[in-house]
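See structure below.
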Amino acid sequence: MKLLRRRWLFVPVMVLATLAALRLAPAEPLSARLAHSTAIYAQGGELMRLTLASDEQYRLWLPLDDMSPRLPEAVQLYEDRWFRWHPGVNPAALLRSAFATYVDDSRQGGSTITMQLARRLYQIDSRSVAGKLRQIGAALWLEARHSKHEILEAYLNVAPYGGNIEGAGAASLIYFHKRARELTLPEALTLAVIPQNPRRRSARHSPAQPQQLPVALSEARERLWRHWLARHPDDARYAADMKLALRPKSPAQLPFRAPHLTDRLLREREEPPAEIRTGVDLRLQTTLERAIRQYLEAGREIGLRNASAMLVDTRSMQVRALVGSADYFDASIDGQVNGTGAKRSPGSTLKPFVYALALDQGVLHPHSILKDAPTAFGPFSPENFDGRFVGPISAQDALVRSRNVPAVAVSAKLSRPGLYDFLRNAGVAKMASESHYGLALTLGGGEVTMEELARLYAMLANRGALRPLAYRADDAPKPAQSLRLLSEEAAFVTLDMLAANPRPDSGAPAVRPVAWKTGTSWGFRDAWTAGVFGDYVLVVWVGNFDGSGNPAFVGIKAAAPLFFAIVDSLRSQQLDPPAPPRLPPRGLSRVEVCTASGDLPNEYCPERVSTLFLPGKSPIRRSTLHRAVLIDTRSGQAVCAANEFTRREIHEFWPSDMLRLFRSAGMPRREPPRAPDCDGMTMAGEADAPQIVSPLRGVTYTVRLSKPAPLALRAEGTRHSDVFWFANQGFVARASAGEAVAWNPAQPGRYVLRAVDETGAADVRTVDVEFEP
């Protein structure tokens, strides 16, 4: 008898030990069994997109703590009041259900929450006795392996809510366009009663009145409301809310905002997370979409059909708005292509970085005078967009007016890094070799994406520090990710120069500063405008994804109006509040220069202007453009020495190539009188030395022996003297100033070229020559 009692004692001990072992052993999370949707949210928490799971269900797994506490309580009250106390099966409920089914010929559910979860997880058909027994066994297994908290959480994430909607997380987003934690009491009670009969109670069940709850759902919710009041009498204050008509939405009404951006985020990982928070501001997104739609509607007659735009907050580098195409669903324009990630020719939008590098390398300052004149850079002879040349022009005006020849000339003077190295360092991908582009890279000979261009312009706003773009709210760049490519001074001055660019509509710079630049690709395939205003960088593109050209695709005419339409709209809505003025870096100063020459003014300079100056970098020299000439009043000729018969006149001593350009443009300048030899010096006591303009400095020239072509030697500057050319001390030729001389190197190697005038003034340049078959 004692032995028998011990055996009976052993059985429960073993059962308890087995249950304890099952509970303590690691269990696979219930969420791992199911595919999930991805919910993408805007910066303000608004839903932008909800995807289908891989099994074509809307299912968004949420922790129990991320749901309104009213929802799980209401579900337990309605579905399974004994959930916290039974072992997964409620025998009394099962007997009551069996009696109703087989004796009373009616239907009454007896499944607990755990049993319903088991049926959903293991796809059990519980309509037969065998199926019901399997469901009971699975429920007991779940209770042995998981806590009540885990089981309730799993049930609320797999419960059926009609059609292909599963779980309270997806149902609350679809039906009420809000997260489950934000559900009101009427909404929580509504979701609590649907899973018991989703076909009849689905919130989108009534096609005749799609904005009202089905009768079966309303009746079930009313029954639950009575039970709820019995437990929570204080909630009677919500009685008026319960009488208000709920207006549930349908999956067809789910938001689908910024589709190109959300597509990009979903492709980043093979298995996207359940939730993605972006930095998108839907107010800004809506503004960009509306501006593009209205602009293209107005420009349809001239062939404007597609555009892309990107708005970046320069402080955080968060992408606040992105429009990849004019219409995501328009197949005729390949609308699902994301134009912000496509490689396109940037046109002149890269010119600001040529000038920024030149500022850092001491090539120029904003009022340095450049030459806009016909120029050959080896085999490359750039022209301006308008086909004209304006002669001497300040660096700032050359940038603002997008003159090609000065930009290429500045690029040719850059040492390391040049524009090519700069773009490589900035992370511009898929670039060919430097020799592939040559100096044409300055004018858009390469290709960049809108994302890359936005990063470059944001670098100017961030004082020369390059930072990566951030698409997710938690992807703010860290200091270690910052790469300095320009000095603070060069970045500030470049933006200051761009801010002088006049608006296309008013012809004057924007009242609130906008630093912007346009670009037009060869063949009129791409029209660009990129710029910085307030705390934002905005880049817009107009064109066709198939690369077809259109004479209307000119940056200043096609892209700039759209750019300013967006800027003006943002400012009128106060979405771009005035930012504090950008203070110049401490290493920057202002100096006065001669307006005509860009050099420090001598006593004869009549007009002067203040310019930003990088001490220790910016070129500094005394202007020699304006000089005094002594004129004999009796003969009218220039003389060397002053006497009672002389008077002093101030003349401009322009180089010979500039004088020719002035004459061809119909603006001849008065040439200074030819003076006698005053010991090899000019009237102002300063030598007027020749300047070599061809060949270029730092360029290696290749001579093809199969088809040899001479190199052109040309020097400017001297006006009243011929130029004598020497190569490695050997005489080459004699020519007038500005006249090109053909030179055929005898062998490959390095040559020192000298251009000497009759006074002995000279310019020297080293050139490398290679021979190829």
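The values are calculated or read from the model by the stated rules, or taken from the named source; none is laboratory data. Model, not experiment: these values are computed from the prediction. All Cβ positions, glycine included, derive from the backbone under ideal geometry; neighbour counts span all protein chains shown. Only protein heavy atoms, including side chains, enter the accessible area calculation; ligands, DNA and RNA are left aside. Shrake-Rupley method; radii C 1.70, N 1.55, O 1.52, S 1.80 Å.
Taking R0 as 35 Å, what FRET efficiency do you get between residue 234 and residue 54 from their Cβ-Cβ distance, rounded to the nearest 0.05?
0.20
Mind checking the angle between helix 2-24 and the chain's longest principal axis? C-alpha axes, 0 to 90 degrees, to the nearest 10.
Helix 2-24 sits at roughly 20 degrees to that axis.
Could you please state, rounded to a whole Å, how far the C-alpha centre of the range 326-371 is from the C-alpha centre of the range 550-610?
17
Quick one: pull the percent of accessible area on the range 437-566 belonging to carbon and sulfur, 1.4 Å probe, ligands and nucleic acids left out.
Carbon-and-sulfur percentage of accessible area, whole number: 54.
How long are the semi-axes of the ellipsoid equivalent to the range 303-362, from square roots of 5 times the Cα gyration tensor eigenvalues, in whole Å, largest first?
Taking √(5λ) for each Cα gyration eigenvalue gives 30, 16, 8 Å.
Kirkwood Rh over alpha-carbon pairs of the range 541-677, then Stokes-Einstein at 20 °C and 1.002 mPa s: what D in µm² s⁻¹, rounded to an integer?
103
Rg to Rh for the chain: what is it, with Cα atoms only and Rh by Kirkwood?
Looking at the chain, the ratio lands at 1.20.
Any idea what angle helix 91-102 forms with the longest principal axis of the chain, computed on alpha-carbon atoms, 0 to 90 degrees, nearest 10?
So the helix axis and the longest Cα principal axis differ by about 80 degrees.
For the range 260-323, what number results from the quotient of the Cα radius of gyration and 2.2 N^0.38 Å?
1.36
With a 10 Å radius around each residue's Cβ, average the other Cβ atoms per peptide and rank 141-152, 436-447, 225-236, 625-636, highest first.
The packing order, highest mean first, is 436-447, 141-152, 625-636, 225-236.
I'd like the orientation of helix 560-572 relative to the chain: the angle between its Cα long axis and the longest Cα principal axis, in ° from 0 to 90, rounded to 10.
Orientation of helix 560-572: about 60 degrees from the principal axis.
Helix-derived [θ] at 222 nm for the chain: sum -39500 (n - 2.57) over DSSP H runs of at least 4, divide by residue count, nearest 500?
Dividing the helical sum by the residues of the chain leaves -9000 deg cm²/dmol.
What distance in nm lies between label points placed 7 Å from Cα along the C-beta direction at residue 290 and residue 147?
According to this spin-label approximation, the distance is 4.9 nm.
In nm, to one decimal, how far is the residue 671 label point from the residue 215 one, both placed 7 Å along Cα→Cβ?
With each label point 7 Å from Cα toward Cβ, the separation is 10.5 nm.
Give me the percent of accessible area attributable to carbon and sulfur for the range 583-636, probe 1.4 angstrom.
Answer for the range 583-636 is 50 percent, counting heavy atoms of protein chains only.
Could you rank the peptides 265-274, 249-258 by their average count of other C-beta atoms within 10 Å per residue, with the highest value first?
Sorting 265-274, 249-258 by mean packing, highest first, produces 249-258, 265-274.
Give me the net charge of residue 511's neighbourhood, meaning all other residues with Cβ under 12 Å from the Cβ of residue 511; Lys, Arg count +1, Asp, Glu -1.
That sum, taken over residues with Cβ under 12 Å, equals +2.
What FRET efficiency comes out for residue 270 versus residue 478 if R0 is 30 angstrom and r is the Cβ-Cβ distance? Round to the nearest 0.05.
In this case the efficiency is close to 0.75.
So with the 1.4 Å probe, I'd like the accessible area per residue for the chain, rounded to whole Å².
Per residue, the chain has an accessible area of 48 Å².
Along the principal axes of its C-alpha atoms, what lengths does the range 175-307 span, in descending order and rounded to whole Å?
Taking max minus min along each principal axis of the Cα atoms, the range 175-307 gives 68, 36, 30 Å.
Within the set 343/517; 351/617; 517/557; 351/413; 371/617; 371/707, which residue pairs have Cα atoms separated by over 24 Å?
Beyond 24 Å: 371/707.
Work out how much length residue 722 to residue 66 would gain on full extension: take 0.36 nm times their residue separation and subtract the Cα-Cα distance, in nm to one decimal.
Full-extension gain reported as 227.5 nm.
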